[in-house]
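Single-structure report; data block below.
Readers should treat all values here as calculations from the given coordinates under stated rules, not as data from a laboratory. Quick caveat, the model's predicted, so the values are computed rather than measured. For neighbour counting, all protein chains shown are included, and Cβ atoms are generated from backbone atoms with ideal geometry for every residue, glycine included.
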Amino acid sequence: MHKIIKIALVSLLMAALSEKALALPTAGAPIMPCKDIEKGMKGIGYTTFSGVEPEPFDVEIVGINYDFMGPGQHIIVALLHGEKIEFTGVIAGMSGSPVYINEKIVGAVSLSFTPFGKEVLVGITPMESMVYGAFSNGSALSNDKAVKPIELINVTLAKTLLFDAKEKTKNINKIIPGGPIAALVADGDISMAAIGTVTDIRDGIVYAFGHQFNRSGHTELGLAAAEIVRVVSSYEQSYKMGNVGPVIGTIYEDRASGIMGKIGPLPNSVPLEITLKTPAFSENYRFNVARDKEMTPMYIYKSIYQLLAAGIDYNKWGSFEIMGEIEIPGHGVLKVEDYLSDNTSMLHLMAAKKVAMMANNLWNPPIGEPALGKIKVQYNYSEKAKSKVIEALYTDKTMVKRGETLRLKASYWLSDGKREFLEYSLKIPPYTPKGKLTVAIGGASEAALIEETISSGLKFTTLENYYKFLKNIRTDGAFYTQLIVSAPTAQMGTKREYNLPPNYVLLAKGAADESDGISAKTIILEQKEAAHAAVSGAALVEIRVY
């Protein structure tokens, strides 16, 4: 009888211990200072292997590597034990998994020391460092051993035909220590997010990852809950496969010690509306990308590239007509009008880069603050090449007076092998210097060669001048005709001097600031003719003005 009672008591005790071990971690637990942590201490960590509920694993402290991430940025070294964690090893996506000792939070699992090792040896970012990172303007050295969160790229194409997963994921909204969390850089019809783990929630601030995402410092990323579909185990790198819920808050800090944010306020973002029109379908995509002082143009590029690459075949002739506009708050809009034609997968990359580069010019102005509003662009795709390669240029006369008009005829080859002609007029300005001049026709790249030597000397003192410059950048969908004289042009700050004496180049090279640009030629006039195709090549004729 006593034996039976004893067995029952032991069973009850084991059950109680099991319940305690499996209890979910408590947000805002007291912090165990790094100075109180010693070798041999035992603790418990939590991460999510499936769904949204965290599961425990055992933690054994090995020691502390002082100043590992920089001055005062120590890393706690620990071994992880448990059937699941020893089978998978460190999992990409478990970054931020909280570790507790005696019901006090120690920090977040953030580093992997043995990706191919026989034991699961990890680094733990102290909770003290994470709290410090949330309120500090400083930064610590990065480390390439970070357990990187999983990047998800979910692109919805032809929404009227495909299943819309947002109905299934809209109820994913649970943010708890040890549970999955997502940092979104794009949200909407295109979703790009990094999944990691919540470390703690204290004083209304959510702490996660235990290491940097992009190490942007102050930022505005979407904060969302996530669910784990499964942990995919691998000898190279196990990782979590997951789904992301709707944005429910903002991540404001991206530091070496982790990311930090709040549930409630939604992030400021850059809205995009991209229309993709192909012979097979036409679809409109609306999404937002995060505002980040360095990464926003890259987010725009990756989002558009994924959309185009997922919807259009690779490695075949094709062309894009790109049309739209980018808002410049307080300064109107920047028109987008361009053409591309190529027969490789680079076509998608170049098409996405066109818009991203324009966004980058607004996001990283030489003076002032970023000014980037809504981006609305339509990509018209054709499986046929649409290119025009310039062959030759002809004129009705080679002797011309100032103020007279030249009749020009340019021949070019189409991508289907046909030869066509462009006939147009060019009026010689009354201020044109007398003597020998060159009339040249080319695409955007060829037209830019004349100015290449003075581009480094172009400086802007007002935003109005800079935006005017952006609005006149050449595009690949036009013919550019230039009237050129062999006399130097000099760029001095924002002032450009034309038609200088020939010896000016030698004098300026010896006396001018090295950042000032000098060209051996002067463009007297530039005229643009719409081509409705991607233009390349160049041709020229010599004339004499009298």
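Could you go through the stretch 273-278 in sequence order and give the Karplus-derived ³J(HN,Hα) for each residue, using 6.51 cos²θ - 1.76 cosθ + 1.60 with θ = phi - 60°, rounded to whole Hz, and x for Gly and Pro?
10, 10, 9, 10, 10, 10
Ranked from highest to lowest mean number of other Cβ atoms within 10 Å per residue, what is the order of the peptides 59-68, 297-306?
297-306, 59-68
Rank-order 89-95, 374-380 by packing density, defined as the average count of other C-beta atoms within 10 Å over each peptide's residues, highest first.
89-95, 374-380
Would you mind checking which residues have amide H under 5 Å from GLY178's amide H? H placed 1.01 Å from N; only 5 or more apart, or other chain.
VAL198, THR199
Taking θ = phi - 60°, what integer Hz values does the Karplus form 6.51 cos²θ - 1.76 cosθ + 1.60 yield along the stretch 106-118, in sequence order, with x for Gly and Pro?
With the stated coefficients, the stretch 106-118 comes to 8, x, 10, 4, 9, 10, 10, 9, 9, x, 10, x, 8 Hz.
For GLU53 and SER345, what does the FRET efficiency come to when R0 = 41 Å and r is the distance between their Cβ atoms, rounded to the nearest 0.05?
Approximately 0.45, to the nearest 0.05.
Measure out, as a whole number of angstrom, how far apart the alpha-carbon centroids of the stretch 366-408 and the stretch 302-359 sit.
17 Å
Residue separation times 0.36 nm, minus the C-alpha to C-alpha distance between GLU38 and SER411: what's the value?
In short, 126.2 nm is gained.
Under the rule of at least 5 residues apart or a separate chain, name every residue whose amide H is placed under 5 Å from the amide H of GLU404.
ILE428
Quick query: amide H of GLY72 versus all other amide H atoms, modeled in the peptide plane; which residues come in under 5 Å with a sequence gap of 5 or more or a different chain?
Answer set, sorted by chain and number: ASP67.
By how many nm would the segment from LYS384 to ASN284 grow when fully extended, if each residue of separation counts as 0.36 nm and the alpha-carbon distance is taken off?
33.8 nm
Spin-label point model (7 Å from Cα, Cβ direction): what's the ALA448 to GLU103 distance in nm?
With each label point 7 Å from Cα toward Cβ, the separation is 6.5 nm.
To the nearest 0.05, how large is the calculated FRET efficiency for GLU337 and TYR235 if R₀ is 60 Å and r is the Cβ-Cβ distance?
With R0 = 60 Å, the Cβ-Cβ based efficiency is 0.75.
Mark the label point 7 Å from the Cα of LYS418 along Cα→Cβ and return the residues of the stretch 365-390 whose backbone N is within less than 16 Å of it.
Answer for the stretch 365-390: 384-389.
Would you mind checking LYS468/LYS521; LYS335/LYS384; LYS427/LYS521; LYS376/LYS471; LYS277/LYS386; LYS39/LYS104 for any pair whose Cα atoms are more than 18 angstrom apart?
Those over the limit are LYS468/LYS521; LYS335/LYS384; LYS427/LYS521.
Give a residue-ordered list of calculated ³J(HN,Hα) values for the stretch 46-57 (Karplus: 6.51 cos²θ - 1.76 cosθ + 1.60, θ = phi - 60°; whole Hz; x for Gly, Pro).
Computed from phi, the couplings for the stretch 46-57 are 9, 8, 9, 8, 7, x, 10, 8, x, 10, x, 9 Hz.
What's the FRET efficiency of ILE263 with ASP396 using the Cβ-Cβ distance as r and R₀ = 51 Å, to the nearest 0.05?
Calculated value: 0.10.
Please list, by residue number, everything in the stretch 212-227 whose backbone N is under 14 Å from a paramagnetic label point 7 Å out along Cα→Cβ of LYS168.
227
Over the stretch 23-267, what is the percentage of antiparallel beta bridges among all DSSP beta bridges, to the nearest 5?
Bridges in the stretch 23-267 that DSSP calls antiparallel: roughly 95 percent.
Multiply the residue separation of LYS528 and GLU60 by 0.36 nm, subtract the distance between their alpha-carbon atoms, and state the gained length in nm to one decimal.
Going from the current span to full extension adds 161.4 nm.
Order of 466-474, 174-182 by packing, highest average Cβ count within 10 Å first?
Answer by packing, highest mean first, reads 174-182, 466-474.
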